[in-house]
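For reference, the structure is listed below as structure tokens.
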Amino acid sequence: MAWLRSLLYMVFLSVTVIPYAFACLLWAPLPQHWRYKLTVGWPGLAIWGARVFCGIRWQIKGAENFPDGPAVLLSKHQSAWETLFFPSHMPREVCFVYKKELHMVPFFGWGLALLRMIPIDRSKGRDAFEQVIKQGQMRMDEGRWPLLFPEGTRVPPGKTARFKMGGALLASRTGAAVIPVAHNAGECWRRNAFIKRPGLITVSIGPTIESQGLTPEELNAKVQAWIEGEMRQLNPERYAPPQRSA
């Protein structure tokens, strides 16, 4: 049954993304705010479809921690689910930092390119990071929140990868606060897995971490400590208990 429900969901995504991509081209002349509002309708539709077809429900924990001001979102990364959830369900517009090559992906890339997020050209090395700082500040000045996945790639439930410094450096250089985010989307939607499992995803929003007064290394360590600590609260069964010393 899970296989059939997942198949129906994939058909649903395929059937809806193509006309939505052409619609994105039609409303391209509109102001950016309206382009964003209309374009993220498809990620919102995908989240809705995941619930209807696959039984993937969700809840937000700690919504009171969202600040009313500039911030950088740094999130756990387990699946494709959160890449659909964040743009369609955050209280402010978010800007992903991503490789520019994604603009070449048919249909999906078209809509992404029109949202004025933060694409980077990795071939430019250090200049690419300076581009992230410049564009990140511009997006925050527009009232938007840059969003990065410090682990850099999707990590299976119960695992962690080294937290890269890009997000902490962006926050430190711009003076923005960090919103740490933990979630367990990988329990329902695994990396590259066709079959989606029903269940409840919890998206946990941590207390704002101020970047001022901290080095990027200290900030990154605080973000990782909160996220990984919260992951152990969301799914303690995924983590081995600490070994007792003899």
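The values are calculated or read from the model by the stated rules, or taken from the named source; none is laboratory data. Quantities reported herein were computed from a predicted structural model and do not represent experimental measurements. Virtual Cβ from ideal backbone geometry, glycine too; neighbours counted across all protein chains shown. To get the accessible areas, we keep the full protein, side chains included, count just its heavy atoms, and leave off ligands, DNA and RNA. Shrake-Rupley method; radii C 1.70, N 1.55, O 1.52, S 1.80 Å.
Summary of values
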quantity	calculated
Inter-residue pairs, beta-carbon under 7 Å, first closer than 16 Å to residue 159 by Cβ and in the range 178-200, second charged (D, E, K, R) and not in a helix (DSSP H, G or I), 6+ apart	182/76; 183/76; 189/196; 191/154
Test: residue 176 is modelled with pLDDT of 95 or more, of a type in the set (Gly, Ala, Ser) and within 17 Å of the chain's Cα centre (by Cα)	no
Count of residues meeting criterion [in a helix (DSSP H, G or I), within 24 Å of residue 93 (Cβ to Cβ), open to solvent by 60 Å² or more (accessible area, probe 1.4 Å) and of a type in the set (A, V, I, L, M)] in the range 1-31	2
Those residues of the range 167-183 which are outside any strand (DSSP E or B), surrounded by fewer than 24 Cβ atoms within 10 Å (Cβ to Cβ) and touching a strand residue (DSSP E or B) at 6+ places or on another chain (Cβ under 9 Å), in sequence order	174, 176
Filtered residue count, the range 202-220, keeping only those that are of a type in the set (Val, Ile, Thr) and either within 20 Å of residue 152 (Cα to Cα) or part of a loop (DSSP other than H, G, I, E, B) (or both)	4
Flag for residue 48 being outside any loop (DSSP other than H, G, I, E, B), free of Cβ contacts under 8 Å to residues at least 12 places away in the same chain and under 30 Å from residue 175 (Cβ atoms)	no
Number of positions in the range 32-70 that are farther than 30 Å from residue 223 by Cβ and open to solvent by less than 80 Å² (accessible area, probe 1.4 Å)	9
Every pair of residues 6+ apart whose Cβ atoms lie under 7 Å, when the first sits in the range 205-220 and is closer than 20 Å to residue 77 by Cβ and modelled with pLDDT under 95 while the second is of a type in the set (Lys, Arg) and in a strand (DSSP E or B)	none
Matching entry among 230, 210 (being crowded, with 19+ Cβ neighbours inside 10 Å, closer than 24 Å to residue 64 by Cα and over 16 Å from the mean Cα position of the chain (by Cα))	230
Scan of the range 233-246 for residues that are surrounded by 14 or more Cβ atoms within 10 Å (Cβ to Cβ) and at pLDDT 95 or above, ordered by number	234, 235
Residue tally, condition within 12 Å of the chain's Cα centre (by Cα) and under 19 Å from residue 154 (Cβ atoms), over the range 90-109	4
